[in-house]
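Everything on this sheet refers to the single structure shown next.
The values are calculated or read from the model by the stated rules, or taken from the named source; none is laboratory data. These numbers come from a predicted model, not from an experiment. Heavy atoms of the whole protein, side chains included, go into the accessibility calculation; ligands, DNA and RNA do not. Shrake-Rupley method; radii C 1.70, N 1.55, O 1.52, S 1.80 Å.
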Amino acid sequence: MKVSHRLLLLFSLSAALHAQAAVAPSPKYSAASALLEGMIRREMTQKRLPALSIALVERDSIVWARGFGFANPRDSTAATAETIYRVGSVSKLFTDIGIMQLVER
């Protein structure tokens, strides 16, 4: 997988924070979203993740976005495409990917 594709997926994850609402996948992306949903559910179960929000982006459009799990498990508040998460140390990944793109060029 080329760095640019990884960057798109990583940006897709953060784009979920800016989505106005869940976006159902277009027919073009229904297979990809179904595959991702299965992977997400398995990872959430295996890693005991309470919530996850994701967006799939093509160019400047969100083509699929939704939340999984509970943003607040205590009161069963569902995670959505609008759920805001702490960034943590994810900025290191953006820096690393930017450097790898420069190396590829």
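How big is the range 36-105 along each principal axis, measuring the range of its Cα positions in Å and listing the largest first?
47, 26, 22
By accessible area of protein heavy atoms, probe 1.4 Å, what ranking do 45, 80 get, highest first? Don't skip to the end; give the middle numbers.
Values: 45 105, 80 60 Å².
Result of the area sort, largest leading: 45, 80.
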